[in-house]
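Data first, discussion second: the structure below is written as structure tokens.
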Amino acid sequence: MRSMRLFKCSNDNGFFVVTEKYADFCQDDLLDDDCMILDTGSLVFLWKGPTASIIEVKFAAKSAEVNRF
């Protein structure tokens, strides 16, 4: 059984990047100004922070759709 993986999607540095969070994560890791992708092995979930930018949301959704993490 594959373990769950959490990815942070951000464009803070002027370019869009998806980085994997550490293995031990919790709800407090969901940042208000970012999007997060949770890969359960069979399903992929996209979490949108309430203050995440529209551009970040669009790129995160496309990343979750296209990539299999």
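The values are calculated or read from the model by the stated rules, or taken from the named source; none is laboratory data. Bear in mind that the values here come from a model prediction, so they are computed numbers and not experimental data. Glycine also receives a Cβ, built like all others from the backbone with ideal geometry; neighbour counts cover every protein chain displayed. The accessibility values were calculated without ligands, DNA or RNA, using every heavy atom of the protein model including side chains. Shrake-Rupley method; radii C 1.70, N 1.55, O 1.52, S 1.80 Å.
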Using a 1.4 angstrom probe on heavy atoms only, work out the carbon and sulfur share of the accessible area of the chain in %.
57 percent
Could you state the accessible area per residue of the chain in Å², with a 1.4 Å probe and every protein chain left in place?
68 Å²
Taking the C-alpha atoms of the chain, how large are the radius of gyration and the largest Cα-Cα span, Dmax, in Å?
11.4, 37
Phi-derived 3J(HN,Hα) across region 16-25 with the Karplus relation (6.51, -1.76, 1.60, θ = phi - 60°), rounded Hz, x for Gly and Pro, is 7, 9, 10, 10, 7, 7, 4, 5, 9, 10
Can you list the HN-Hα couplings for region 48-63, worked out from phi with the Karplus curve (6.51, -1.76, 1.60; θ = phi - 60°), rounded to whole Hz and with x for Gly and Pro?
10, x, x, 10, 5, 6, 4, 4, 4, 5, 5, 5, 5, 4, 5, 5
Lone cysteines in the chain, going by a 4.7 Å Cβ-Cβ cut-off?
26
Tell me, what ³J(HN,Hα) does each residue in region 35-47 have, in order and in whole Hz, if you take phi through Karplus 6.51 cos²θ - 1.76 cosθ + 1.60 with θ = phi - 60° and put x for Gly and Pro?
10, 10, 10, 10, 9, 8, x, 10, 10, 10, 10, 10, 10
